[in-house]
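See structure below.
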2 protein chains.
Amino acid sequence: MMKIKALRDLMKERGLDAYLITNGDNHSSEYVTGHWKARSWFSGFTGSNGTVIVTHTEVGLWTDGRYFIQAEKQLAGTGIALFKMNMPGVPRFKDYLAKELPHGGKLGFDGRVISMTDYKELNETLKTKEITYAYTEDLVGMIWDDRPALPTAPAFEHAPRFAGLSAAEKLAAVRGEMEKHGVTAYLAVALDDVAWLMNIRGNDVPYAPVVNAYVLVTTDAAHAFIDYGKVEAFAGKLEAQGFTLHDYNGLAGFLGNLPAAGKLLYSPNKTNMLLAEALPKDLPTKSDLDVDIIMGLKAVKSEVELSNSRNAYLKESAVLARFIKWIKENPDITAITEADTAKKLTALRTQQPDFLQDAFSTIAAYGPNAAQAHYSPGNVGDNLKPDGFFLIDTGGNYFDGTTDTTRTITVGPVTDEMKRHFTLVLKGYLAVERAIFPKGTKGVQLDAFARAALWEYGLDFRHGTGHGIGYCLCVHEGPHGMSPNSKVDYEPGMLLSVEPAFYKAGEYGIRTENIVEVYEHSETEYGKFYGFRSLLYCPIDTSAIAVEMLNDCEISQLNSYHQRTYELVSPLLEEDERTWLYEATRPVIRG
Amino acid sequence: MMKIKALRDLMKERGLDAYLITNGDNHSSEYVTGHWKARSWFSGFTGSNGTVIVTHTEVGLWTDGRYFIQAEKQLAGTGIALFKMNMPGVPRFKDYLAKELPHGGKLGFDGRVISMTDYKELNETLKTKEITYAYTEDLVGMIWDDRPALPTAPAFEHAPRFAGLSAAEKLAAVRGEMEKHGVTAYLAVALDDVAWLMNIRGNDVPYAPVVNAYVLVTTDAAHAFIDYGKVEAFAGKLEAQGFTLHDYNGLAGFLGNLPAAGKLLYSPNKTNMLLAEALPKDLPTKSDLDVDIIMGLKAVKSEVELSNSRNAYLKESAVLARFIKWIKENPDITAITEADTAKKLTALRTQQPDFLQDAFSTIAAYGPNAAQAHYSPGNVGDNLKPDGFFLIDTGGNYFDGTTDTTRTITVGPVTDEMKRHFTLVLKGYLAVERAIFPKGTKGVQLDAFARAALWEYGLDFRHGTGHGIGYCLCVHEGPHGMSPNSKVDYEPGMLLSVEPAFYKAGEYGIRTENIVEVYEHSETEYGKFYGFRSLLYCPIDTSAIAVEMLNDCEISQLNSYHQRTYELVSPLLEEDERTWLYEATRPVIRG
């Protein structure tokens, strides 16, 4: 394979024993633009998780169980060996390197796309080998002739009526946190952190409306590193809010000249190692994994953001009602592919005001495909059939909010077992939604509420119950969540997905997901109590519910949700849609 | 006050600026014998939590909210100032020392009764002051003329039919764990750890049937440090199991001579700082807070221990049925004091085979007294009245198990509010008892099950939901538990208290507690699932239940528990007791 030969030639010239290739960008983004898909270009494997290691004798690709079949297909004939992560006997790529690299060997990679945390872990695994690292050259870039350029589309303002707080107010809040943490400078590298702080949005990354930029906040300045062309139209406004504009590529040099008086806070999980290495050695830094100022600030939505989000979710609720009606009443769903349904959703969203783009690639999964939690139909996918379940996990980025919803709907007959599993998942959702809990409660304490009904049957789902979500930003956002590892206190104004699920391999998948907001429920002598309130109102398919498995409390909770769905969403619909919604939200009764 | 003067004179001779006095013993025991109650003797304050600091200008006692009233009474006229812990503006005793001690000052205490962890924390708080510590002299002991001697009563064997595994088998298990942790020596200092390992019991501490002793296990020896007189009767058997007997006071010297080849594991939480300081400086040690070999081993009860415990709990169930009948049918409970009820329980236990002693001081609390979670009636207490709730939290040490149970019973009319609170607590108990959960689940994940019903009403209880328990040993045992801080996986064979509660200050307290065992419920493609099964069968007072607040599942769970209670316990009772139990365990039905 030409690419392998070309890369090995460059490695030889530089005396490298191995070269590591990923799809990361220089901001540790979840989604990256084509420019950064070095691993996909080099290997042909397009899954979201993959690492390639090239030595002079072997080329390997590491990916996880979601992608084994896809990777086998895409790697066929490339000469690249598939390393199936977490399978017995398969080494982690770091351990592979520890074994294959000679003592005193030399490992190369593009330092822009490896975070400081990843670099430290690599270092730790390889420490006895006394490895030298070559990380300032992007060897794949040198052989990648038709590499897509970095995006150059202009950025745009997130208008005050959407953003709520001005950038100057946000800067003041950041400086307040800096003071609490005893630092004089703070580096924001995550693109959604920067977009939130500057109240700008853009087109530099798929799905998340962000702009390639960094901000270094000091006690008396805010240095934004961004292509001037992208913000030319409103540069004066940014300067008026307190930002000094610098060239996007100027950050490393600027960091290198920081005065040693003071203390810098940065996130080693997000900051690439080239930037971290550029810091003056005598500059005191704080890089606690637990402290990330903007991540913490933007997780607690402001009143403006909350009220806008509620509006965005009503629009999305209307979109989903239309969509489900379209599926349910379709005269011939066998003519529809999974990808058609995703396109239909985008089209329906486009009719809504202030819609920007999909928030992620819709998971439209018929039948057994839905048993893969992260299935993607690609550009076509399978055709639907009038039998069993169809799962849709979808969301939109509106100027007034980011949505994420999953519904599993019947498109034909379902068995009693399918209904039982659907109902167990529903019971999990309802248990979380109705929970009232004191200030100080963390996700780890409530995660089991979503699972208890499944556990009773010896069942479970192998992912977290929920994640935070952005506001016209990324669909996955920290620092809170709901899983056995979620150790961040819930605070009113946080948004959270609640998405219990059940997957029967080879047969079907069930997931029911709403985004909820944390609200203050009451205050008693035991302190403040919080609760969850759904932002989205969309029917849960009652034809899939085994009503006899629900207790009175669950029935009344479900019926209330449906009643409220009709009240809130029907005004946004046409008459025939209203009629459909009325039927879909009828109360369930125990027979 | 003479004692203060005498202590200050000794302090002056030694150039000490402050002296710290606690009620600890040299094994970090929860309960200590009179010999070790230095703080109580010195200050007159007898509560379970208290620290005295003597300087040349002030004497202070620190205790928590449970004891403010008692401490005020007991300190009156002593010249000792009360420092109310956790109250606004009241410094922690460590911060008080940091403030009061002069730079380069000298602090004294009895190093035998301060754990290495406490010493390190003290050191950390005082580090900028460059304090010198004088910890080899027990100054209170020097002025304490009538100090009780250390107990000398003989120890006795925990017979094989009770102990299950032989001491030799337990030693082999300990050595297996030592190998896993990469150590060649392991120091057991907690008295229940030592008693478990050696299969001995004794009378050296109130409530817990343990013997003052240490064991140092190496790869080829087990050095037991214990008064020979206590084990003379069966010393040969101990030696045959692999123990080498040494003088109780010989441990520090022995540790000081340990060869530096090898690695020692010890618990800094339990090991007193004099012992830890005696270790050779060149001896590698492992003192992770998370690793405590015997604590981990003895938490998972063996089949013999489990089957014996079930038997001990049936005996205790009979005791409690008799006791509750006695209260409920008593012609004049106004003639009964709280202490009378505790004595009655002890008397009833004494009729049961293999009973040793109470496992802790019974909490017999009428009316508002029960709102204090750790109330003790002392030798008399209040008289009962035919009105409201009476709470009893009690347990016994039998050769075949240690019990701990709480019941709240009506002794007269109760209001709807009292019933509501009782029912919320009951719902919490039932939610935990019926939980099924996968291997790997920890207390932090299930604790909220016990609180969710209370939380819904803005209520809570301010203690953990549950603790581990010993086997003919201590009533509180680690490492597992159930609270927001419980991070240890549940394993089949662990015992756990489940004790949700509600306290209405000045009015009443409600707590419902059973000990449950963790058992393997099922194994599916999602792995092993565990559940909880109550060991104790005692009626939950149905006259205090608001049945309309229970759902079908809870009603059926409660009725099953009561049916099983009658089936298991009635054969152990006399006819009139059976009749009472039959009525007390009648199914509840929704009216």
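The values are calculated or read from the model by the stated rules, or taken from the named source; none is laboratory data. Predicted model, so just to flag it, every value in this text is computed and none were measured. When we count neighbours, we look across all protein chains shown, and the Cβ atoms used for this are built from the backbone with ideal geometry, even at glycine. Note: areas computed on protein heavy atoms with side chains; ligands, DNA, RNA excluded. Shrake-Rupley method; radii C 1.70, N 1.55, O 1.52, S 1.80 Å.
Can you find a residue in region B:580-587 that is of a type in the set (Ser, Thr, Tyr), more than 11 Å from every other protein chain (Cβ to nearest Cβ) and exposed (fewer than 15 other Cβ atoms within 10 Å of the Cβ)? Yes; the residues of region B:580-587 include at least one that is of a type in the set (Ser, Thr, Tyr), more than 11 Å from every other protein chain (Cβ to nearest Cβ) and exposed (fewer than 15 other Cβ atoms within 10 Å of the Cβ).
Can you tell me which of B:479, B:413 is open to solvent by 10 Å² or more (accessible area, probe 1.4 Å), modelled with pLDDT of 95 or more, within 30 Å of residue B:524 (Cα to Cα) and away from chain A (no Cβ under 14 Å)?
Numbers: B:413 fails: within 30 Å of residue B:524 (Cα to Cα).
Just a single option satisfies the conditions, and that option is B:479.
Do we have residue B:578 as outside any strand (DSSP E or B) and modelled with pLDDT under 95 here? Considered against the rule, which asks whether it is outside any strand (DSSP E or B) and modelled with pLDDT under 95, residue B:578 comes out as no.
Going by what's in this entry, would residue A:231 be described as at pLDDT 95 or above and open to solvent by less than 10 Å² (accessible area, probe 1.4 Å)?
Spelling it out, residue A:231 is indeed at pLDDT 95 or above and open to solvent by less than 10 Å² (accessible area, probe 1.4 Å).
Among the residues making up region B:416-438, those that are more than 10 Å from every other protein chain (Cβ to nearest Cβ), farther than 18 Å from residue B:462 by Cα and open to solvent by 10 Å² or more (accessible area, probe 1.4 Å) are B:416, B:417, B:418, B:419, B:420, B:433. When residue B:441 is tested against (1) polar (S, T, N, Q); (2) away from chain A (no Cβ under 11 Å); (3) open to solvent by less than 10 Å² (accessible area, probe 1.4 Å), exactly one condition is not met: (2). For residue A:63, the stated conditions do not hold, so it cannot be described as open to solvent by 10 Å² or more (accessible area, probe 1.4 Å) and of a type outside the set (A, V, I, L, M, F, W, C). Candidates B:530, B:471: the one that is buried (at least 17 other Cβ atoms within 10 Å of the Cβ), more than 8 Å from every other protein chain (Cβ to nearest Cβ) and in contact with a helix residue (DSSP H, G or I) (Cβ under 6 Å, 6 or more places away or on another chain) is B:471. Assess whether residue A:401 counts as being over 26 Å from residue A:335 (Cβ atoms) and either buried (at least 19 other Cβ atoms within 10 Å of the Cβ) or modelled with pLDDT of 95 or more (or both). Against the criterion (over 26 Å from residue A:335 (Cβ atoms) and either buried (at least 19 other Cβ atoms within 10 Å of the Cβ) or modelled with pLDDT of 95 or more (or both)), residue A:401 qualifies. The residue that is surrounded by the most Cβ atoms within 10 Å (Cβ to Cβ), among those in region B:379-398 that are in a loop (DSSP other than H, G, I, E, B) and touching a Gly at 6+ places or on another chain (Cβ under 6 Å), is B:388.
How about region A:5-19: which of its residues are outside any loop (DSSP other than H, G, I, E, B) and open to solvent by 10 Å² or more (accessible area, probe 1.4 Å)? Even if it seems obvious, please write down each step before you answer.
Applying the first criterion (outside any loop (DSSP other than H, G, I, E, B)) to region A:5-19 yields A:5-14, A:18-19.
Listed by number, the residues that qualify are A:5, A:6, A:8, A:9, A:10, A:12, A:13, A:14.
For region A:444-461, the set of residues classified as of a type outside the set (Phe, Trp, Tyr), within 7 Å of another protein chain (Cβ to nearest Cβ) and either open to solvent by 10 Å² or more (accessible area, probe 1.4 Å) or within 20 Å of residue B:488 (Cα to Cα) (or both) consists of A:444, A:445, A:446, A:447, A:448, A:452, A:456, A:459, A:460, listed by residue number.
Looking at region B:132-219, what helices (runs of 4 or more DSSP H) fall wholly within it and have at least 3 residues that are open to solvent by 60 Å² or more (accessible area, probe 1.4 Å)?
Values: elements: B:139-143, B:160-163, B:167-180, B:191-198.
Helices (runs of 4 or more DSSP H) meeting the threshold: B:167-180.
Restricting attention to region A:88-106, the residues being more than 16 Å from residue A:15 (Cα to Cα), open to solvent by 90 Å² or more (accessible area, probe 1.4 Å) and touching a residue at least 12 places away in the same chain (Cβ under 8 Å) number 1.
Selection within region A:491-511: residues that are assigned to a loop (DSSP other than H, G, I, E, B) and crowded, with 24+ Cβ neighbours inside 10 Å. The member of this set that is nearest to the other protein chains (Cβ to nearest Cβ) is A:500.
Taken over region A:481-526, the residue count meeting the criterion of being more than 21 Å from residue A:469 (Cα to Cα) and aliphatic (A, V, I, L, M) is 2. Contact map, region A:155-169: first residue farther than 14 Å from residue A:210 by Cβ, second residue of a type in the set (A, V, I, L, M) and open to solvent by less than 30 Å² (accessible area, probe 1.4 Å), Cβ cut-off under 8 Å, separation 6 or more or different chains; pairs are A:167/A:197; A:167/A:198; A:167/A:238.
Residue check: is residue B:122 open to solvent by less than 20 Å² (accessible area, probe 1.4 Å) and in a helix (DSSP H, G or I)?
Yes; evaluated as a whole, the condition is true for this residue.
State whether one or more residues within region A:273-280 are loosely packed, with under 15 Cβ neighbours inside 10 Å and out of contact with any His (no Cβ under 9 Å at 6 or more places or on another chain). Break it down stepwise before answering.
Here is the first cut: in region A:273-280, the residues loosely packed, with under 15 Cβ neighbours inside 10 Å are A:280.
Remaining after also requiring out of contact with any His (no Cβ under 9 Å at 6 or more places or on another chain): A:280.
Looking for residues that are loosely packed, with under 15 Cβ neighbours inside 10 Å and out of contact with any His (no Cβ under 9 Å at 6 or more places or on another chain), one finds at least one in region A:273-280, hence yes.
Determine if region B:374-391 includes at least one residue that is touching a Pro at 6+ places or on another chain (Cβ under 6 Å), among the small types (Gly, Ala, Ser) and free of Cβ contacts under 8 Å to residues at least 60 places away in the same chain. For region B:374-391, residues touching a Pro at 6+ places or on another chain (Cβ under 6 Å), among the small types (Gly, Ala, Ser) and free of Cβ contacts under 8 Å to residues at least 60 places away in the same chain: absent.
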